1. If I ask for residues that are assigned to a loop (DSSP other than H, G, I, E, B) and either touching a residue at least 40 places away in the same chain (Cβ under 8 Å) or of a type in the set (Gly, Ala, Ser) (or both), which ones from segment 184-195 would you list?
2. State which residue is surrounded by the fewest Cβ atoms within 10 Å (Cβ to Cβ) when the search covers only segment 95-119 and only residues that are assigned to a loop (DSSP other than H, G, I, E, B) and in contact with a helix residue (DSSP H, G or I) (Cβ under 8 Å, 6 or more places away or on another chain).
3. If we scan segment 159-175, do we find a residue that is touching a His at 6+ places or on another chain (Cβ under 8 Å), hydroxyl-bearing (Ser, Thr, Tyr), part of a helix (DSSP H, G or I) and more than 16 Å from Cys36 (Cβ to Cβ)?
4. Sort out which residues of segment 18-76 are β-branched (Val, Ile, Thr), in a helix (DSSP H, G or I) and closer than 22 Å to His88 by Cα, and write them in order of number.
5. In segment 50-77, what residues are among the acidic types (Asp, Glu) and modelled with pLDDT of 95 or more?
6. State which residue pairs qualify: first residue farther than 12 Å from Glu259 by Cα and inside segment 229-240, second residue in a loop (DSSP other than H, G, I, E, B) and not charged (D, E, K, R) in any location, beta carbons under 6 Å apart, and separation of 6 or more residues or different chains.
7. Assess whether Glu179 counts as being in a helix (DSSP H, G or I) and among the charged types (D, E, K, R).
Amino acid sequence: MKKRILSGMRPTGKLHIGHLKGALENWVKLQDEYDCFYMIADWHALTTEYESSKEIHNYSIEIVKFWIATGIDEKKSVIFRQSDVHQHAELHLVFSMFTPLGWLFRCPTYKEQLREIKERDLKTYGFLGYPVLQAADILIYKAERVPVGEDQVPHIELTREIARRFNYLYGKVFPEPKEILTPSARIPGIDGRKMSKSLNNCIYLDEEKNEIYKKVNNMITDPQRIRKTDKGHPDICTVFSYYKVFSPEILDKVRNECENAKIGCVECKKRLANILERVISPIREKKNKIKDEEVIEILKEGKKKASKIAEETLNEVKKAIFQ
Ligand code: TRP
Ligand code: SF4
């Protein structure tokens, strides 16, 4: 029997090359070795986007298209939307009964988001409970492995603590899931800061060819390199950090050319844009061919498969608690 995996993404924007390297390529590989559940976390999106909820639906459909276009296969994996499987919300309620507030207030992601997001009121009951809902997502399928980035590790730790506490109180129902860390390939935005929709510095996975060239051309390079004859410092150049991720096989060559002023930044950027276009174009083309109706159908199938298991677990949970 294959071990089960669950992971999810919040539908709050289009997917960019950071999602490809930081999650999707790994998700695609895991499909052969594990029984995979990939979830559109629309309730989680609502915890922060409750004022602009109408976009969540459209991004949910769009993200499934990106998943399929990058190689997530609905025949191998269960692709579904969190709000389509009501048992998540019910298990979240159960867990909320015995999850101490201290665990949630202490969570580093909670503190960080409160500090960072100033334009919305996040001092809500729902947002504080974000990791409790995430624990329900994972445990409703008794998933044993959760592929995530480094930033999500505290949530997986909390999931284990919630599982342990449930098992202690009512008898053993849940496994204690472990994270599968995605080797974090940090791809900065085109301005060198963290890639993020709100900073408007993303390269999306369906970016048009001319936009790729424009964006790469606008990237920050070594500021001390003014003339082509100036020697460059690749380690402080955003363009170079992209080469590290997308073209490691020519990295030494690029470093040498840059440090010895054998290549100009314009040319170096053009070569990178070519590399990115080769990565993005098949995804863009495949994604643009997928119709909304196909996604609706995939989500309908996913809902069926996910609900069946979720219902079994929830019955077991109720039995453990009340009988
Ligand atoms: N919190 C995750 C993120 O922001 C998304 C998510 C929701 C998730 N539920 C999950 C990830 C369950 C893994 C497992 O990236
Ligand atoms: Fe960056 Fe390339 Fe210019 Fe060097 S040559 S500074 S790596 S863009």
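The values are calculated or read from the model by the stated rules, or taken from the named source; none is laboratory data. These numbers come from a predicted model, not from an experiment. When we count neighbours, we look across all protein chains shown, and the Cβ atoms used for this are built from the backbone with ideal geometry, even at glycine.
1. From segment 184-195, those assigned to a loop (DSSP other than H, G, I, E, B) are 184-187, 189-193, 195; that's our starting set.
Once the filter is applied, which keeps residues that are assigned to a loop (DSSP other than H, G, I, E, B) and either touching a residue at least 40 places away in the same chain (Cβ under 8 Å) or of a type in the set (Gly, Ala, Ser) (or both), segment 184-195 yields Ser184, Ala185, Arg186, Ile187, Gly189, Ile190, Asp191, Gly192, Met195.
2. At the first step, the residues of segment 95-119 found to be assigned to a loop (DSSP other than H, G, I, E, B) are 99-100, 106-107, 117-119.
Among the residues that remain, those that are also in contact with a helix residue (DSSP H, G or I) (Cβ under 8 Å, 6 or more places away or on another chain) are: 99, 107, 117.
Working: Thr99: 21, Cys107: 18, Ile117: 13.
Top of the filtered list is Ile117.
3. Just the residues of segment 159-175 that are touching a His at 6+ places or on another chain (Cβ under 8 Å), to begin with: none.
Looking for residues that are touching a His at 6+ places or on another chain (Cβ under 8 Å), hydroxyl-bearing (Ser, Thr, Tyr), part of a helix (DSSP H, G or I) and more than 16 Å from Cys36 (Cβ to Cβ), one finds none in segment 159-175, hence no.
4. The initial filter retains those residues of segment 18-76 that are β-branched (Val, Ile, Thr), namely 28, 40, 47-48, 56, 61, 63-64, 68, 70, 72.
From what is left, the residues that are in a helix (DSSP H, G or I) are 28, 47-48, 56, 61, 63-64, 68, 70.
Within segment 18-76, Thr47, Thr48, Ile56, Ile61, Ile63, Val64 meet the criteria.
5. Kept after step one, since they are among the acidic types (Asp, Glu), are these residues of segment 50-77: 51, 55, 62, 73-74.
Residues satisfying the conditions are Glu55, Glu62, Asp73, Glu74.
6. So the pair list comes out as Thr238/Gly192; Thr238/Met219; Thr238/Ile220; Val239/Met219; Val239/Thr221.
7. Working: in a helix (DSSP H, G or I): no; among the charged types (D, E, K, R): yes.
For Glu179, the condition - in a helix (DSSP H, G or I) and among the charged types (D, E, K, R) - is not met.
Per-residue answers, yes or no, for (1) away from ligand 1 (no atom under 16 Å from the Cβ); (2) among the small types (Gly, Ala, Ser); (3) over 27 Å from Ser77 (Cα atoms); (4) modelled with pLDDT of 95 or more:
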position: Lys244; (1), (2), (3), (4): yes, no, yes, yes
position: Arg255; (1), (2), (3), (4): yes, no, yes, yes
position: Val266; (1), (2), (3), (4): yes, no, yes, yes
position: Lys291; (1), (2), (3), (4): yes, no, no, yes
position: Ser307; (1), (2), (3), (4): yes, yes, no, yes
position: Ala310; (1), (2), (3), (4): no, yes, no, yes
position: Ile321; (1), (2), (3), (4): yes, no, yes, yes
